[in-house]
Amino acid sequence: MQRRQAAGRAARQAGAVPRRRLLVAAVLAAPAVGAAEALAPPITLGIGTYGMQSLAPAAAVDLVADTGFDSIEVAALADGPMAPERLTAVDRHDLRARLAGRGLVLSALMENLPPAADETVHRGQLERLARAAALSRDLAPDRVPLVQTVLGGGRWEEVRGMVVDRVGDWRDLAGREGFRIAVKPHRFGALSTPADGLWLLAQLGDHASLGLVFDASHLVFRGIDPAATLVTAAPRVFHVAVKDAVERGGTVGFELPGATGTPDHAAILRGLVAAGYRGDVCCEVSGQVSKRPGYDPAAAARDCHRAMRGAFAAAGVSAAAGIAPGD
């Protein structure tokens with residue numbers, strides 16, 4: 001009897017990773033549909049906890065749900081309240097129950113892992129990625145974990161070889177462990193455009209576990225048309241972040257979505273749907289906003305929701321939260 005039980009446990013463990021790989025493949029193999037067709041699954045509208053670092057994890061979840069969002073991106077940054085190393089098994093159980101009870105979808109975990117030439121730092125980053133994926137599985141065991149990150153600074157021409165090598169190891173880890181990684185082109189980073197991101201993915205074989213974050217705030221004021229960029233980038237976009245950008249005195253800064261009217265979120269939503277995107281649209285509160293004196297995360301969440309609700313309606317796009325044309 002004991003031998004049979006041990007054999008059963010071993011078989012279940014052996015099948016766990018392949019099952020996660022099948023989930024990843026199924027997510028990416030979902031067929032694209034036209035804008036006029038029903039969304040299945042629908043685009044979700046969410047917000048990240050990056051701008052809620054002053055709140056306890058449970059309070060952040062409640063704020064997101066109370067505001068009316070249907071999804072949440074958890075900031076799993078090392079110095080934040082939702083860092084994997086800070087959340088005990090009891091914490092994770094309670095958060096999982098709270099997310100389910102409030103009807104929130106966990107869309108992604110945000111990390112900050114600029115690829116490092118130093119081997120020790122690189123190994124530490126691989127461990128952080130694995131811990132983030134494990135946290136995501138603990139909080140939402142029925143979803144394929146998605147971890148998103150920027151890729152740090154420097155001159156792209158000088159660091160891209162190192163980035164290919166390091167992100168290649170990330171890809172291999174994600175393939176083994178059954179999660180997905182989305183890298184984010186950042187206007188102030190080495191990898192700064194979706195075109196650079198697509199080049200990186202091509203070097204790594206366009207692997208099913210590796211994709212892009214699309215954030216139009218990093219494209220405007222650079223002569224890049226966000227809507228046109230979606231034509232080529234959308235098939236590899238795993239996650240969408242939204243916030244506004246503003247140019248003052250030759251310097252570009254960030255604001256809450258809808259605060260400046262740039263970029264045109266309705267146009268981007270139409271482009272996403274036309275390209276077959278069926279993922280999350282996540283409001284991002286920049287540190288440039290959250291670090292201002294008097295910043296209120298609840299007021300910011302309400303402003304984000306109101307603005308993006310209007311953008312969905314203007315685009316004629318429905319979302320999981322029931323944001324319908326004409327609302």
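The values are calculated or read from the model by the stated rules, or taken from the named source; none is laboratory data. Being a predicted model, the structure only gives us computed values, none of them experimental. Virtual Cβ from ideal backbone geometry, glycine too; neighbours counted across all protein chains shown.
Across segment 211-223, the qualifying residues are those that are outside any loop (DSSP other than H, G, I, E, B) and touching an Asp or Glu at 6+ places or on another chain (Cβ under 9 Å), and the one among them that is farthest from residue 180 (Cα to Cα) is 217. Name the residue that is nearest to residue 301 (Cα to Cα), counting only residues in segment 68-86 that are surrounded by fewer than 17 Cβ atoms within 10 Å (Cβ to Cβ) and charged (D, E, K, R). Among those residues, the one meeting the criterion is 79.
Figure legend. Inter-residue proximity from segment 100-120: first residues within 25 Å of residue 213 (Cα to Cα), second residues of a type in the set (Lys, Arg) and assigned to a helix (DSSP H, G or I), beta-carbon distance below 8 Å, spacing 6+ or different chains. Indicated pairs: 111/128; 113/128; 115/166; 116/166.
Conditions (1) in contact (Cβ under 8 Å) with a residue 40 or more places away in the chain; (2) in contact with a Gly (Cβ under 9 Å, 6 or more places away or on another chain), marked per residue:
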| position | (1), (2) |
| --- | --- |
| 190 | no, yes |
| 194 | no, no |
| 209 | yes, yes |
| 230 | yes, yes |
| 234 | yes, yes |
| 246 | no, yes |
| 259 | yes, no |
| 273 | yes, yes |
| 283 | yes, yes |
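When we screen 225, 296 for residues that are under 29 Å from residue 60 (Cα atoms), over 19 Å from the mean Cα position of the chain (by Cα) and not aliphatic (A, V, I, L, M), the only hit is 296. When 143, 155 are screened for being surrounded by 15 or more Cβ atoms within 10 Å (Cβ to Cβ), in contact (Cβ under 8 Å) with a residue 24 or more places away in the chain and among the charged types (D, E, K, R), only 143 passes. What is the residue count in segment 237-250 for residues that are of a type in the set (Asp, Glu) and surrounded by 21 or more Cβ atoms within 10 Å (Cβ to Cβ)? Qualifying residue count for the region: 1.
Among the residues of segment 87-95, are any touching a Leu at 6+ places or on another chain (Cβ under 8 Å), at pLDDT below 95 and crowded, with 21+ Cβ neighbours inside 10 Å? Before the answer, list the steps.
In the first step, residues of segment 87-95 are kept if they are touching a Leu at 6+ places or on another chain (Cβ under 8 Å); the result is 87, 92, 95.
Those left that are additionally at pLDDT below 95: none.
Scanning segment 87-95 turns up no residue that is touching a Leu at 6+ places or on another chain (Cβ under 8 Å), at pLDDT below 95 and crowded, with 21+ Cβ neighbours inside 10 Å.
Across segment 52-91, the qualifying residues are those that are in a strand (DSSP E or B) and in contact (Cβ under 8 Å) with a residue 40 or more places away in the chain, and the one among them that is farthest from residue 181 (Cα to Cα) is 71. Which residue is modelled with the lowest pLDDT, if the candidates are limited to segment 254-274 and must be surrounded by fewer than 20 Cβ atoms within 10 Å (Cβ to Cβ) and of a type in the set (A, V, I, L, M, F, W, C)? Applying the filter and picking the extreme gives 274.
Give segment 202-236 a look and list any residue that's hydrophobic (A, V, I, L, M, F, W, C) and buried (at least 20 other Cβ atoms within 10 Å of the Cβ), or say none. Before the answer, list the steps.
Keep residues of segment 202-236 that are hydrophobic (A, V, I, L, M, F, W, C), which gives 202, 204, 208, 210, 212-214, 216, 219-221, 224, 227-228, 230-231, 233-234.
Once the filter is applied, which keeps residues that are hydrophobic (A, V, I, L, M, F, W, C) and buried (at least 20 other Cβ atoms within 10 Å of the Cβ), segment 202-236 yields 210, 212, 213, 214, 216, 219, 220, 230, 233, 234.
Here are 320, 324: which of them is modelled with pLDDT under 95, surrounded by fewer than 15 Cβ atoms within 10 Å (Cβ to Cβ) and either more than 17 Å from the chain's Cα centre (by Cα) or of a type outside the set (Lys, Arg) (or both)?
Numbers: 320 fails: surrounded by fewer than 15 Cβ atoms within 10 Å (Cβ to Cβ).
Going through 320, 324 in turn, just one is modelled with pLDDT under 95, surrounded by fewer than 15 Cβ atoms within 10 Å (Cβ to Cβ) and either more than 17 Å from the chain's Cα centre (by Cα) or of a type outside the set (Lys, Arg) (or both): 324.
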